[in-house]
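This report refers to the structure that appears directly beneath it.
The values are calculated or read from the model by the stated rules, or taken from the named source; none is laboratory data. Nothing here was measured: the structure is a model prediction, and the numbers come from that model. Ideal geometry is used to build each Cβ from the backbone, glycine not excepted, and the neighbour counts take in all protein chains shown. Keep in mind that these areas ignore ligands, DNA and RNA; they rest on the heavy atoms of the full protein, side chains included. Shrake-Rupley method; radii C 1.70, N 1.55, O 1.52, S 1.80 Å.
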Amino acid sequence: MEKLSVIIADDHTLFINGLCMLLQGEADIEVLSVAANGKEMLHLLHNYSPSLVLLDINMPGINGFEVLKRIKDYYPKIKVIMLSTYNEEHLIEKAKTEGANGYLFKNAEKAELLHAMRSVAQGQLCFPCKQPVVNSQLNEPDPFLKQFQLTKREVELLQFIKQNYTNQQMADHLHLSIYTVETHRKNIMQKLNLKNPVELTRFILQYNL
């Protein structure tokens, strides 16, 4: 039986070590190598031809989405499962549109990981199911949100920006990825037709957010 050959890319050594130990006992899976960042991952693909890559989204230097794009451009036969601690629809949808074959949370059980890996290897897609909409989300939006078409999350970020939080501090406080916070900030600037942080500060003061 041909083994499922795998390369793992993640910048947390303990996580990679744990994942390798977990997969060692599986007769049909072989870990070819590991990478600590995106650059190492791409370098490994010059020497190895894995069936599957387990790819962390948040890595220093070249992030997971950039690595995913290059894999799909240059090694389209390689299957890719994105690994993340973030249960965010925005990131899951981006993984789908960028060509990932699956998206797995890092707190997944062993059985869930193995099922995802084997299913993807057989040509299936493995993505989290969407969470049901909570009734409170169906309420009439706040007039301020309607006026500027801002989401509640974007207004929440404006309050942190007023307190001079950095993007990283906001990400840590809200349990979001830095990528998501940066995307929210760009969307806010576009919706409010603002050109720079100074204009954003004036807006916040004007509306007493």
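So the check is Cβ under 9 Å with 6+ separation or different chains; which pairs have a first residue in region 156-172 that's without any contact (Cβ under 8 Å) to a residue 24 or more places away in the chain and closer than 23 Å to Asn87 by Cβ and a second one that's surrounded by 13 or more Cβ atoms within 10 Å (Cβ to Cβ) and aromatic (Phe, Trp, Tyr)? As it stands, the answer is Gln169/Phe160; Met170/Phe160; Ala171/Tyr179, since those pairs meet every condition given.
Helices (runs of 4 or more DSSP H) fully within region 114-209 that include at least 2 residues being of a type in the set (S, T, N, Q), modelled with pLDDT under 85 and more than 30 Å from Glu30 (Cβ to Cβ): 197-206.
Selection of region 157-180 for residues being within 19 Å of Arg202 (Cα to Cα) and surrounded by fewer than 16 Cβ atoms within 10 Å (Cβ to Cβ) yields Gln159, Lys162, Gln163, Asn164, Thr166. Each residue in region 1-39 was checked for being open to solvent by 80 Å² or more (accessible area, probe 1.4 Å) and part of a helix (DSSP H, G or I), and 5 pass. Selection of region 59-77 for residues being surrounded by fewer than 18 Cβ atoms within 10 Å (Cβ to Cβ) and either charged (D, E, K, R) or touching a Lys or Arg at 6+ places or on another chain (Cβ under 8 Å) (or both) yields Gly61, Ile62, Glu66, Lys69, Arg70, Lys72, Asp73, Lys77. Of all residues in region 47-58, those that are open to solvent by less than 10 Å² (accessible area, probe 1.4 Å) have Cβ atoms under 6 Å from Cβ atoms of residues that are in a loop (DSSP other than H, G, I, E, B) and acidic (Asp, Glu), 6 or more apart or on another chain, in Asp56/Asp10.
Among the residues of region 80-101, are any assigned to a strand (DSSP E or B), touching a Ser or Thr at 6+ places or on another chain (Cβ under 7 Å) and not hydrophobic (A, V, I, L, M, F, W, C)? Looking through region 80-101, none of the residues is assigned to a strand (DSSP E or B), touching a Ser or Thr at 6+ places or on another chain (Cβ under 7 Å) and not hydrophobic (A, V, I, L, M, F, W, C).
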